[in-house]
Amino acid sequence: MSIQRILFCAEGQLGDLLLLTPALRATRESFSRSRITVLVVQRRRYGANGGSPGGVLHHSSGEGTAAVMTDSAYVDEVIEVDRPLIRSLKGLARLRAEWEIVRFLRKAKPDLVFCTFPQDRFVLWAFLSGAPLRVGQKRQGLSRLLTIAPDLERGRGGVLRYYADLAAAAGADVRHYGTEYSVPEPARAWAEELLRAGGVRGTVPLVAVHPGATGPYKVWPPERFAALIDGLQASGVARVILSGSDFDREIVRSVREHLTSGVLEVNPGGSVARLAALLERCALTVANDSGPRHLSLAVGTPALAIISRFQDREWGIPEYGKSSVLLQGAGICPDCPEGECNNIVPPGEKYGSTCMRMISVEEASAMVRVQLGAVT
């Protein structure tokens, strides 16, 4: 059959969208005459109004994480779903909101729908859209509604490979797995002016430290980030930029309160483009298991990710190669069963699961030095 309209149903987290780019690229190259739409389900609200204009569904303005799609050469249309608004509705109002999405999908008449996340909502949307080809993983509750259901799991080989294999199952030729984000020139000009005004110059490597994450258990303790920053700057190994979005204000403030050295603090707001331009100028990014880590790698900047014991099963991303280094606790966790991580933050603490707290400042500092080539 002729495939003219392709729809990707995707989660709106920054990392997920970036890891989807190899699948989108392969789909564009393999179905070059098709129109590609990405339906982005947002868990957070971005923009000046903090919500969606005109209901639960709207064309993306490119604010927030959706910029990964709106700035992509492989995507023709980006539609955002306001998940917080849907969840806030009850009864008939919620049914109407869900039906608004179904009406859009039926009007769009896709020939092929990718359910990139194994959840019932995506499969139902794909089925109700009327698309003759519906792709999603086999091991999920409503897989009988799919027409192409490969035996895949995100924990086998990682999320990036999972997305690419879904595309391949529909006939896309996945030739390489590099993620990408094309930084707009206005964002580059913004970053250049920011660094100039901040007095950033000279030959000392620039390191971005982004301490935020989507959950407290994924955050390496702020006092340790502060100690890492102080040590790197005191030794002259690096000049550090402390970055964070509006969602990271509390964590960034906590890091700043523990600092003894001065640091250039940057909040690009909801602009992925500006954050990308900033990371592009750095020699290294240090982050938790979070979107900025993936954004850094997508613009060609190496990253050190401080993550919990088994997050590498989905988020290790071996396709990144040597530019991506993971730092994980090596000890036996007293709070979780062997081979599992329940993301338990110790009593009395606010951030960092037990296994993340096994990672010392000294270990992180040594790894930064290795990545910067500063070991003597």
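Here, each number is a calculation from the coordinates, and none is a lab measurement. For clarity, every value in this text was computed on a predicted model and none was experimentally measured. Virtual Cβ from ideal backbone geometry, glycine too; neighbours counted across all protein chains shown.
What the table shows:
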{"read-out": "Reach of Lys218 by Cα under 26 Å, taken over lysines that are not fewer than 8 positions away in the same chain", "value": "Lys322, Lys350"}
{"read-out": "In degrees, nearest ten, helix 249-258 long axis to first principal axis of the chain (Cα)", "value": "10"}
{"read-out": "Those aspartates and glutamates that a straight Cα-Cα span of less than 14 Å connects to Lys90, excepting residues fewer than 8 apart in one chain", "value": "Glu98"}
{"read-out": "Contact order relative to length of the chain, as percent, for alpha carbon pairs under 8 angstrom and 6 or more apart", "value": "16"}
{"read-out": "Crossing angle, helix 21-30 versus the chain [Cα axis fit, 0-90 degrees, rounded to tens]", "value": "40"}
{"read-out": "Length added when fully stretched, Ser235-Arg369, from 0.36 nm per residue minus Cα-Cα", "value": "47.2 nm"}
{"read-out": "Kirkwood estimate for the stretch 185-372, i.e. one over the average of 1/r between Cα atoms, Å", "value": "16.6"}
{"read-out": "Spin-label model distance (nm) - Arg201 vs Gln4, 7 Å beyond Cα toward Cβ", "value": "5.8"}
{"read-out": "Relative contact order [Cα under 8 Å, 6+ residues apart], the stretch 185-372, whole percent", "value": "24"}
{"read-out": "Simple Cβ-charge dipole of the stretch 73-194, Lys/Arg +1 and Asp/Glu -1, about Cα centre, in debye nearest 20", "value": "880"}
{"read-out": "Size of electric dipole in the stretch 185-372: Cβ of Lys, Arg +1 and of Asp, Glu -1, about Cα centre, debye, nearest 20", "value": "460"}
{"read-out": "Inter-label distance, nm, simple model (7 Å from Cα along the C-beta direction), His59/Arg43", "value": "2.9"}
{"read-out": "MRE, 222 nm, helices only [DSSP H, n ≥ 4, -39500 (n - 2.57), over the chain, to nearest 500]", "value": "-10000 deg cm²/dmol"}
{"read-out": "Beta bridge orientation in the stretch 5-169: antiparallel %, DSSP, nearest 5", "value": "10"}
{"read-out": "Tyr181, Tyr217 arranged by Cβ crowding within 10 Å, fewest neighbours leading", "value": "Tyr217, Tyr181"}
{"read-out": "The chain, dipole about Cα centre (Lys/Arg Cβ +1, Asp/Glu Cβ -1), debye to the nearest 20", "value": "940"}
{"read-out": "Order of Val286, Val135, Val219 - criterion: other Cβ atoms within 10 Å of each residue's Cβ, fewest first", "value": "Val135, Val219, Val286"}
{"read-out": "Cβ-based charge dipole, the stretch 185-372, positive-most Cα from Ile306, Ala191, Gly329", "value": "Ala191"}
{"read-out": "The chain: antiparallel DSSP beta bridges as a percent of all, rounded to 5", "value": "5"}
{"read-out": "Order of Asp151, Asp16 under a 10 Å beta carbon neighbour criterion, fewest first", "value": "Asp151, Asp16"}
{"read-out": "Label-point separation in nm, His258 to Arg156, each point 7 Å along Cα→Cβ", "value": "4.0"}
{"read-out": "Long-range tail of P(r) for the chain (Cα pairs > 35 Å, %)", "value": "27"}
{"read-out": "Segment Arg33-Glu265, length gained on full extension (0.36 nm per residue, minus Cα span)", "value": "79.0 nm"}
{"read-out": "Stretch gain in nm, segment Arg94-Ile344, where the contour uses 0.36 nm per residue and the Cα spacing is subtracted", "value": "86.6 nm"}
